[in-house]
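Working notes, beginning with the structure itself.
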């Protein structure tokens, strides 16, 4: 069942990856991490020699996939943080190079990127913000409210 779950996750990654590589990577990474945990806890169980041999091969495969996905996820995260702007702020302020957008990018890179919680927040932001931008593009009143909130947050960041 564990091998099937890993294979299914890889198949989903193959489908989702081209259209949303980050989401595909993080989904696969989550499944692989769980599979690794399960195999680690199964290692101490008694197994017949032929079953143990197959288990060792499967565990090694999962460890190899886990290592590759982990490296890929780190590269995607670094690439995103360096190359992606703030989707929502860019829409609200009308320009990728607007001073307020620059403050938010600098905060992301110099503060959020340095902690696990901050990196998680960045990951969630890049996962959900493209859809939010699509939703917000014709909502002028909502955009004004969000911009006011962002202005206050940016003032706090600048202090």
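The values are calculated or read from the model by the stated rules, or taken from the named source; none is laboratory data. Given the structure is predicted, the values throughout are model-derived calculations rather than measurements. Neighbour counts are summed over all protein chains in view; Cβ atoms, including those assigned to glycine, are modelled from backbone coordinates with ideal geometry.
Could you check residue 141 against (1) in contact (Cβ under 8 Å) with a residue 40 or more places away in the chain; (2) farther than 26 Å from residue 24 by Cβ and say which number it fails?
Every listed condition holds for residue 141 apart from (1).
Just checking, which of 68, 10, 54, 15 is at pLDDT below 90 and either farther than 26 Å from residue 127 by Cα or surrounded by 15 or more Cβ atoms within 10 Å (Cβ to Cβ) (or both)?
Unique residue meeting the criteria: 10.
Would you check which residues across segment 92-119 are in contact with a helix residue (DSSP H, G or I) (Cβ under 7 Å, 6 or more places away or on another chain), surrounded by fewer than 16 Cβ atoms within 10 Å (Cβ to Cβ) and under 17 Å from residue 155 (Cα atoms) and list them?
Answer for segment 92-119, where residues must be in contact with a helix residue (DSSP H, G or I) (Cβ under 7 Å, 6 or more places away or on another chain), surrounded by fewer than 16 Cβ atoms within 10 Å (Cβ to Cβ) and under 17 Å from residue 155 (Cα atoms): just 111.
Please verify whether residue 122 is surrounded by 13 or more Cβ atoms within 10 Å (Cβ to Cβ), within 30 Å of residue 35 (Cα to Cα) and at pLDDT below 90, treating the condition exactly as stated.
Details: surrounded by 13 or more Cβ atoms within 10 Å (Cβ to Cβ): yes; within 30 Å of residue 35 (Cα to Cα): yes; at pLDDT below 90: yes.
For residue 122, the condition - surrounded by 13 or more Cβ atoms within 10 Å (Cβ to Cβ), within 30 Å of residue 35 (Cα to Cα) and at pLDDT below 90 - is met.
Under 6 Å between Cβ atoms, which residue pairs at least 6 apart in sequence (or on different chains) link something in segment 23-47 that is within 17 Å of residue 4 (Cβ to Cβ) and assigned by TED's automatic domain parsing to the domain that holds residue 6 with a partner that is assigned to a helix (DSSP H, G or I) and at pLDDT 90 or above?
Taking only residues 6 or more apart or on different chains, the pairs are 39/59.
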